[in-house]
Structures are given as structure tokens and as C-alpha cells.
Amino acid sequence: MRLNLVRTAIPIARNGLLKQAVRVPAIRRASVASPSAILAHTKPFHSSGPKQRRYERWEEDPWSGQPNERPDVMSFLRRRLGGDRAVWLWGIGIGACVIYYCAHLERVPITGRLRFIDVSSETEREVGQESFAQTLQEFQGKILPPGSPVVRRVRDICERIVASNGLGHVKAGGSALGAVEGVLGAWGATGTSGADDDNYAEGDSEGRFKGSNLGPDTEWDVYVVQAPDVKNAFVLPRPDGKIFVFTGILPVSANDNGLATVLGHEISHVVARHGAERMSSMKVLFAISFLLEALGLDVGITRALVTFMLMLPNSRKNEAEADEIGLQLMAQACFDPSEAPKLWERMSAGEGVAGKFDFMSTHPASQKRIRNLEKEQPQALEIRAKHCGYTEQQYGSFTNLLGKNGPGAQQGSQDGVPTWG
């Protein structure tokens with residue numbers, strides 16, 4: 001800003017007389033430069049001119065610089081994974097995983113379903129031993145003694161199932177039952193004793209349990225946990241088979257046929273090696289989750305998809321498969337398979353809406369289980385007729401008589417079958 005100074009003559013009067021004129025500077029209004037003029041002489045903050053930014057996800061390939069006429073999946077993969085070399089490495093890795101997956105496919109006994117298992121029997125045994133020790137510690141003080149009548153009855157029903165199917169034997173701990181129903185397997189299996197070697201071979205003469213790692217030397221343990229409010233049972237597959245039954249399931253079972261449904265289901269989990277399958281599937285689920293997250297999918301969405309689309313459906317499939325296998329196991333042991341749907345009708349009595357929907361559950365809805373069990377009835381009844389035949393019918397009237405007057409009446413009876421009262 002400049003100040004223009006000019007000299008102006010101002011007369012000064014002293015004593016009324018004009019003596020002289022003095023020139024003093026006068027101030028004019030300063031001229032202010034315009035903003036455009038200032039910017040024109042200002043040095044820019046960057047050496048190159050500003051560029052126009054735009055979102056170029058599909059318009060241009062960031063690696064080749066060539067425009068794309070439509071969305072290019074390879075361009076997206078290169079951008080997400082880190083270039084051409086990364087895409088090739090990922091492709092090789094995925095291909096190797098697919099080959100490994102296919103090399104470890106095997107079929108489930110009886111159903112023939114293909115599934116992925118890469119867990120050895122030794123690993124399964126180690127995990128089972130740890131789980132068994134933790135379970136005993138958890139229910140310490142609640143496990144009924146081996147000599148309890150309830151334990152003896154449950155054990156003998158289990159013995160009848162595994163012996164008739166050639167799956168081993170239950171460890172001794174009291175063989176006499178309060179109900180004669182518990183020893184009918186000796187009369188029903190091919191007309192001879194249900195615990196000799198011939199019946200083991202007869203039970204698995206068709207090789208139905210190949211791949212289950214079970215045989216005549218397999219030892220089973222049965223534990224009954226005093227918990228009237230818990231309607232459940234579960235099995236630890238290794239070492240051998242450890243079956244835990246809560247007393248709350250006994251009234252729902254109602255009779256030996258109902259309890260045979262429960263025990264046959266748990267034994268089927270060991271036959272099908274569902275525990276090893278579950279451990280193996282966790283590796284597959286982890287690999288899928290890692291791939292989806294690498295492609296940019298949100299972690300929460302990835303976990304939800306893997307859980308609801310893969311993990312839970314696979315768990316429900318295992319449970320339905322155990323129902324199917326268990327129905328055949330109990331039928332070959334000369335139990336009545338028609339009691340299985342009735343058991344689940346009693347189980348679903350207090351479930352309400354939860355018994356119809358299973359999207360967020362690890363187990364199928366009770367109504368679905370009932371329909372599936374009813375669909376499998378013809379085959380189960382055929383197996384029962386083949387292995388039990390007329391001998392079972394002959395002893396049916398004998399059972400009815402003992403149900404009224406014999407030791408089975410201590411627990412009550414239903415249609416001649418001893419019940420849990």
C-alpha cells in the first residue's frame with residue numbers, strides 16, 4: 001500500500017497579518033489491490049496443477065490402465081489380494097485345499113453320506129480323555145453308583161443294543177434288571193444268547209459299521225447323572241464310548257423302548273464319528289471365513305454367514321443322521337422302533353413354537369424329527385422282523401404277564417412294556 005503525498009499551501013495568519021504560506025503534506029485515500037491481483041502474484045503451494053478426483057472401481061483397471069467396459073472379477077481380485085502374483089498364489093493355495101479336502105472324504109456307516117474327516121483316532125482319543133476328565137469333575141457328587149437299580153437298567157438296555165449290533169459290550173457293574181424287558185435281547189437275537197460271539201458277527205455281518213473303529217472288543221461305559229430337571233443325554237466318543245444319561249430324560253422316555261431310542265441315538269454318534277467330523281469341519285469353516293474376510297467382507301457378516309449357513313445346518317444334519325442310525329440299532333436289538341416318534345412327541349409337548357423352527361438351533365425341530373422317524377419306520381420294522389422274528393412275538397405275552405405281576409410292575413407298565421414312573 002502506497003501513500004501519495006502532495007504539498008499544499010496553507011496560509012498562516014499571525015496578528016491578523018498574512019506573513020507567509022507553508023506547504024504541508026496532505027494524505028489521500030490509499031488504493032487497495034484486489035484479491036485476484038494478490039492471488040495472481042502468490043506462489044502456489046504445489047508444483048503441479050490440481051487434478052479432478054473420481055471413483056474408478058470398474059471404470060479403469062488399476063494395473064493395466066485400460067478402461068473396462070463391464071465389471072471385471074479379476075481386476076477386483078488383483079486389487080483385493082495384492083496383484084497378479086498374489087492371485088496366482090491364492091489360486092494355488094485354494095487348489096491344494098480342495099485336493100486335500102477330496103482326499104479325506106469318507107462315507108458314514110449305514111447312511112453312506114460323504115463327509116470330510118482328517119482327524120485320526122489317536123487325536124480323537126486324546127480329546128475324548130480330556131473331555132471325560134472334565135465331565136467327571138463337573139458332575140462330581142451327582143453320578144449315581146454302579147449298583148443303583150436305575151444305572152443297572154440303563155446299562156443293560158445299552159448292552160442289548162451294542163451286543164446285538166456287534167459294537168462291543170458294556171463294562172460289568174451289575175447285570176440283573178428290575179424289568180424283564182431288559183433281558184429280552186437274549187431271546188430276540190437270532191434265537192440264541194444275545195451276548196455271545198456268534199451274535200456279534202450276526203449283528204454286523206453286512207459290514208454296516210466299517211470305518212467306525214468299533215468292534216467286539218470295544219468297551220462302553222454308562223453313567224447316570226442325578227438331575228431331574230435336565231432332559232438330556234450325551235456321549236463322549238473316545239476312549240471307547242462314554243454315555244451320560246440325566247435322570248430327567250427317564251420320565252420322558254416312559255419305557256424301555258423310549259430309553260432305547262435315546263441310547264441308540266447316542267451310540268450312533270460314536271458309530272458315525274460325528275465328534276471327529278465336527279473337529280474336522282472347524283478347519284473348513286476357518287478357511288472359508290479367512291477367504292471371505294480377505295475379499296473384503298465384514299468380519300461380523302462373515303461369522304454370521306458361516307454360523308447360520310454352514311455350522312448349524314451341519315450340526316442338525318448330524319443329529320438327524322444319528323436318529324436314523326439309532327432307529328436301526330434299536331430295531332436290530334429287538335426294541336420297538338415305533339416308540340421313537342412317540343418319544344419326540346412327548347419331548348415337544350412343552351416346547352411350543354420352538355419345536356417347529358430350528359434355524360438358530362444345533363438340533364432339528366422336534367416336529368421334523370417326528371416326520372423323519374415316521375418315514376424310516378418301514379425299514380426299521382423290516383430289520384426288527386429279520387433279526388427278532390416270531391420269537392419276540394412269543395415273549396410279548398410273557399412280558400405282558402410280568403408287567404402286571406412281575407418285577408417290572410415296580411416301575412409301572414404301558415401296554416405290557418415296563419415304564420419309568
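General remarks:
- Prolate/oblate/rounded call for segment 72-150, Cα gyration tensor, a/c under 1.5 rounded: prolate
- Placing pseudo-labels 7 Å out from each Cα toward the beta carbon at residue 94 and residue 113 gives an inter-label distance of 2.7 nm.
- Using a Förster distance of 35 Å, the FRET efficiency for residue 126-residue 72 (Cβ separation, nearest 0.05): 0.10
- Counting charges near residue 368 (Lys, Arg +1; Asp, Glu -1) among other residues having Cβ under 14 Å from its Cβ returns a value of -3.
- Order of 266, 138, 293 under a 10 Å beta carbon neighbour criterion, fewest first: 138, 293, 266
- Segment 277-367, Rg to Rh (Cα coordinates; Rh as Kirkwood inverse mean 1/r): 1.13
- Net charge of the neighbourhood of residue 247, taken over other residues with C-beta under 10 Å away and scored Lys/Arg +1, Asp/Glu -1, is +1.
- Here the label points at residue 294 and residue 87, each 7 Å from Cα along the C-beta direction, are separated by 1.5 nm in the simple model.
Each value in this text was obtained by applying a stated rule to the coordinates, not by laboratory testing. The structure displayed is predicted, hence computed values, not measured ones. Here the Cβ is made from the backbone with ideal geometry for all residues, glycine too, and neighbour counts use every protein chain on show.
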